[in-house]
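What follows is a single structure, written as structure tokens, with notes after it.
The values are calculated or read from the model by the stated rules, or taken from the named source; none is laboratory data. Quick caveat: nothing in here was measured; it's all calculated off a predicted structure. Heads up, the Cβs are rebuilt from the backbone with ideal geometry, glycines too, and the neighbour counts pull from every protein chain shown.
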Amino acid sequence: MLDGWLGILIMIGLGTAFAAVMILLSSLVGPRNPTPEKLAAYECGMPPVGDARERQSVKFYLVAMIFLLFDIEVAFLYPWALALRDLGWAGLLQIITFFLILLVGYIYVWRKGILDWGPKPMTRAERPDVRGKAA
């Protein structure tokens, strides 16, 4: 009964044991010299500035939700790829329809400007005239 699961259980056990041993060794052998600089929060090499509870732009959350949507799409793509031969032409048409729906959603999000984070580029009419005016 456990023929197919025995290898998976062994790998989970080995992974858990390896993680536990590494954490234990690091706490036993590692140096203990805490300084205020080492105890400070790390933010990409920059000193932390401001309050951690400041409000974020709505665009941040929209991009996060869009990322999750397209990430979940890959989760649906993997089992489809495994069963492609069994699904035949019907499965291929279904996945093409799925991708077309996602493409329409992506184009909609792109056209709405949700993925634009930087300043808007100036149009030709808004650009200052760089040519010198002849007197």
Practice problem: Restricting attention to region 52-74, report how many residues are over 22 Å from W117 (Cα atoms) and acidic (D, E). | Solution: 1
Exercise. From G13, G4, grab the single residue that is more than 27 Å from the chain's Cα centre (by Cα), outside any helix (DSSP H, G or I) and more than 26 Å from L115 (Cα to Cα).
Key: G4
Quiz item: Any idea which residue in region 51-78 is nearest to G105 (Cα to Cα), counting only those that are charged (D, E, K, R) and in a helix (DSSP H, G or I)?
Solution: E73
Exercise. From the list A125, A81, A90, A135, pick out the single residue that is modelled with pLDDT of 70 or more and part of a loop (DSSP other than H, G, I, E, B).
Key: A125
Quiz item: Of all residues in region 100-109 being surrounded by 12 or more Cβ atoms within 10 Å (Cβ to Cβ) and not aliphatic (A, V, I, L, M), which is farthest from the chain's Cα centre (by Cα)?
Solution: G105
Quiz prompt | So L28, is it modelled with pLDDT of 75 or more, of a type in the set (A, V, I, L, M), exposed (fewer than 10 other Cβ atoms within 10 Å of the Cβ) and in a helix (DSSP H, G or I) | solution = yes
Exercise. Residue by residue through region 89-125, note down the ones that are of a type in the set (S, T, Y) and under 21 Å from F70 (Cβ atoms).
Key: T97, Y106, Y108
Exercise. Please tell me if Q56 is under 28 Å from the mean Cα position of the chain (by Cα), among the polar types (S, T, N, Q) and surrounded by fewer than 10 Cβ atoms within 10 Å (Cβ to Cβ).
Key: yes
